[in-house]
Amino acid sequence: MSHTFVGMPAFPDAARAAVRDTTLRGNLRHATHTIRGKRAKAVAELDDWAGLREAGRQIKDHTLRHLDHYLVQLEESVTRAGGTVHWAADADEANRIVAGLVRATGEREVVKVKSMATQEIGLNEALAEEGIAAYETDLAELIVQLGDDRPSHILVPAIHRNRGEIRDIFARTMSEWGRPAPDDLTDTPAELAEAARLHLREKFLRAKVGISGANFMVAETGTLVVVESEGNGRMCLTLPETLISVVGIEKLVPTWRDLEVFLQTLPRSSTAERMNPYTSMWTGTTDGDGPRNFHLVLLDNGRTDTLADEVGRQALRCIRCSACLNVCPVYERAGGHAYGSVYPGPIGAILSPQLRGTASEIDASLPYASSLCGACYEVCPVAIDIPEVLVHLRERVVQGGPVTRRGAKVTLQPAKGHAAERAAMRAAAFAFTHPGALAAGQRIAARTRRFHPRRLPGPGRAWSDSREVPKVPAEPFRDWWRRTRGEAGGAR
């Protein structure tokens, strides 16, 4: 995975700047609290939610264990239905494939929908270098594009913007991309939506090439599925003559019966709806109905490397519902941009460092962008234990060790800046495996407690800046036990 938000600092620095933005924090607080409240009500309607969650986990794990088989089956099914399958090992290869397919049509503009994968690989920028204009059609993605901005949420990419800011963006830049906004545009949701509808309608009716992602791919039939709330997806998927879908290989499910589970859990976890207003499904091509040419680009870009990690691979279960973002206290305060990736929040903190590696400063910092409260795990509809993976990745950052990169086993060196942490962990490991040394250390700490600083020196200062250093008791527990219970009690 090569596409990173250029110039992004490590998460602590980016978050420090974000929490000072009171408008941003207000927008995020209002939006996340509203969404998670509605989600809780929608989930409570189902008596078998826990069973659906477990079924989703098992389906995903089974598919990942047999991904090689199901990917081949998918290719055969798509080809048999009249589509063409392309395999992309990384972002550069995927961009070359898509750009070549668009050039072959002779067109110089495309409409896009529902594709975080294309944001992951930087497809819009790659197409621009080829002289091809890519127009986002999702309302929130349109706001981000017109504002020369970056997405900050999986479900609501413009969650960091309020209505007034959106109105200003439309009035200022919409004319540069096509039909201008009305002169008397206000910030009422209905008027903003109407301005976007009129602006996009011209592009839908003119475009000959559509580019999409997919929420799911069904191996047994070669069917792709997109769920959305606005109808723009339906327009992109049916009106153009050529449809190119860029989809991560983990979006696969084996059968139609498996799909039924996720069509219940995804809408409730994401938009707090019983079902999505628009669920579009297509299988290859059909004469006289929909695009005449269909291309499926299957994207790896670090996913098989992630699959090789027995702990980290559970991140590939993700169905991009964004429930974990809406309950995360860190995301609520820092916002999505601080994560330096198209995948923000708790899931981004474990997915991006695996897809991209932990060599960069931002990726090495992401596993620490969490309080480990566990709220993300509680709401995940496919039971991804995000705290477990965060701790696993923290160990990788600090200690280094064997990982898989581009299909080959390599040994990572410990990240810079963690020497003190490694030394502390090694000292702790020695003490806990040598009871005599531990007891001696406890007695020394108790007898010197008057001289202990209130703030830690050196690298420890960052920890004690926002926490009180625990006070050492006057007497170690071992000595207290021996004194109050006697030597016999101490021996136990």
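Computed values, structure above
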quantity	calculated
Proximal charge balance of Met281 [Cβ under 15 Å; K/R count +1, D/E count -1]	-1
Accessible area per residue, Å², the range 39-178 with all protein chains present, probe 1.4 Å	45 Å²
For the range 106-185, the spread of Cα positions along each principal axis, largest first, Å	38, 27, 16
Packing-based ranking, highest mean first, of 429-437, 399-407 given that Cβ atoms within 10 Å are counted	399-407, 429-437
Highest average packing first - 367-373, 338-344, Cβ atoms within 10 Å	338-344, 367-373
Heavy-atom SASA rank of Val297, Val327 (probe 1.4 Å, accessible area, largest first)	Val327, Val297
Values of log10 I(q)/I(0), in the order q = 0.11, 0.16, 0.21 Å⁻¹, for the range 181-285 under a Debye, Cα-only, solvent-free model	-0.43, -0.81, -1.14
Per residue, in Å², the accessible surface of the range 371-492 once ligands and nucleic acids are set aside, probe 1.4 Å	70 Å²
Signed unit charges on C-beta, dipole axis of the range 93-227, positive-most listed residue Pro180, Phe204, Val113	Phe204
10 Å binning of all Cα-Cα separations within the range 123-254, expressed as whole percents from 0 upward	11, 39, 35, 13, 2, 0
Assigned charges on the beta-carbon of Lys, Arg, Asp, Glu; the range 351-468 dipole about Cα centre (debye)	640 debye
Accessible heavy-atom area order of Asp138, Asp187, highest first, probe of 1.4 Å	Asp187, Asp138
Shape metrics for the range 262-336, restricted to C-alpha atoms - Rg then Dmax, Å	17.3, 51
P(r) weight above 15 Å for the range 168-234, C-alpha pairs, percent	63 percent
Accessible surface of the range 50-147, 1.4 Å probe, proportion on carbon and sulfur as whole %	49 percent
Ratio Rg/Rh [Cα only; Rh per Kirkwood] for the range 403-445	1.27
Distance cut-off 21 Å, percentage of C-alpha pairs in the range 41-186 lying past it	63 percent
Amide H within-cut-off set for Leu412, under 5 Å, with H built and near neighbours excluded	Gly401, Val403
The range 10-82 versus the range 209-261: alpha-carbon centroid distance in Å	16 Å
Fraction of accessible area attributable to carbon and sulfur, the range 425-492 (%, probe 1.4 Å)	60 percent
Cysteines without a disulfide-compatible neighbour (Cβ-Cβ under 4.7 Å), the chain	Cys236, Cys318, Cys321, Cys328, Cys373, Cys380
Dipole magnitude of the chain, debye to nearest 20 (Cβ charges: Lys/Arg +1, Asp/Glu -1, about Cα centre)	2760 debye
Scattering curve values for the chain, log₁₀ I(q)/I(0), Debye with Cα scatterers, q = 0.11, 0.12 Å⁻¹	-0.95, -1.11
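The values are calculated or read from the model by the stated rules, or taken from the named source; none is laboratory data. Here the structure is a predicted model, which is why all the values come from computation and not from measurement. In this analysis, Cβ positions are derived from the backbone assuming ideal geometry, glycine residues included, and neighbour counts consider all displayed protein chains. Accessible surface is based on the protein model in full, side chains and every heavy atom, while ligands, DNA and RNA are left aside. Shrake-Rupley method; radii C 1.70, N 1.55, O 1.52, S 1.80 Å.
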